[in-house]
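Presented below is the structure to which this report refers.
What follows draws every value from the coordinates through simple rules; no lab data is involved. Here the structure is a predicted model, which means the values were calculated and not measured. When we count neighbours, we look across all protein chains shown, and the Cβ atoms used for this are built from the backbone with ideal geometry, even at glycine.
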Amino acid sequence: MQKIIDFFNYEIRIGSDVIVTPKSILVIIAVFFLTHLILKIFRRIVFKTLNTDTRMKFKGVFTFLNYFIYLIVILIALDNIGVEINTIFAASAALLVGIGLALQTLIQDIFSGISILMDQTVHVGDVIQVDGQVGRVENIMLRTTRAVTRDNKVLIIPNHKFLTSILYNWTENGALTKESIHFGVAYNTDVPQLKETVIDIANSHPKVLKRPEPFLLFEDYGDSALMFQLFFSMNKSFEANIVKSDLRFQVFEKLKELNIEIPFPQRVVTIKNNLPEIS
């Protein structure tokens, strides 16, 4: 029995300060195994509460969390066997600062990705606007979010943009969104007839909702026109530009048919000839 105890307490020196024993190696292995077991159980418990789609998103989060926890365990284990962790950090301080600066954006992206997944700020299928770019979210990863724009281009958004820029989530309150188009008409226009005409045009479009009803807003008296804004509702905001274009075409054609003028700013230039006569 004493031989077994002596074996486990046998000291192996690495350098002048580091002493390793079989017992310390077994303790480190046991700690790693216990850490792995705890993380596995924790992951299984959390995954039971998530649906399949959310589970796939959180795989990246748990992978990052595993690496982080294992790194802490390694540092604690090295400290327990006599390795001066502070000395290592001090010696490599400049290197760590350089690595930190180089990975600053990457780290921001990762933590922002974790924040998005935890807070459920953005969901797959949401129509969002970031830095003037509009797209439908197709995939949320740990570092980036992928969205498809209206012209079918893939928009890759670094996740830190969601924390540092203003984010518009067009579908956060549901699929229904309110859209509008602007136009102006001449001052001599029959406004009640105009109102009835453009609302009928909006109601006749298959992608414009009947409830809530479209309505016409009298915006202002312009320099050369009466300014109006036609409001309407949709449940497919991603197609808003196409619907707006359709309505503009139809309004233009109908106003032309009714002889309602769409004025435009005009400038009169008078040229005076004040040149002296040549005798």
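Using θ = phi - 60° and the Karplus relation 6.51 cos²θ - 1.76 cosθ + 1.60, list the HN-Hα couplings for the stretch 229-243 in order, rounded to whole Hz, with x at every Gly or Pro.
Karplus values, whole Hz, x for Gly and Pro: 9, 8, 9, 8, 10, 9, 10, 9, 4, 5, 9, 4, 4, 5, 5.
Tally Lys/Arg at +1 and Asp/Glu at -1 over every other residue whose Cβ is under 12 Å from the Cβ of I262; what's the total?
So the environment of I262 carries a net charge of +1.
Would you grab the residues whose amide H sits under 5 Å from the one on M141? Only those 5+ places off in sequence or on another chain, please, with H modelled 1.01 Å from N.
Distant-sequence amide H within range of M141: R146.
I need the calculated FRET efficiency for the pair M118 and I76, taking r as the beta carbon distance and R₀ as 25 Å, to the nearest 0.05.
Rounded to the nearest 0.05, the efficiency is 0.40.
I need the phi-derived Karplus couplings for the stretch 144-153: 6.51 cos²θ - 1.76 cosθ + 1.60, θ = phi - 60°, integer Hz, Gly and Pro marked x.
9, 10, 9, 9, 10, 7, 5, 9, 6, 9
Considering only the other residues whose Cβ falls under 11 Å of the Cβ of V137, what net charge follows from Lys and Arg at +1 and Asp and Glu at -1?
So the surrounding residues net to 0.
Given R₀ = 45 Å, FRET efficiency for I45-T149 by Cβ-Cβ distance, to 0.05?
The formula returns an efficiency of 0.70 here.
Fewest Cβ neighbours within 10 Å first, please rank I271, I181, I29 accordingly.
Going from sparsest to densest Cβ surroundings: I271, I29, I181.
Using a simple charge model, +1 on the beta-carbon of Lys and Arg, -1 on the beta-carbon of Asp and Glu, nothing else, what dipole does the stretch 138-210 show about its Cα centre, in debye to the nearest 20?
420 debye
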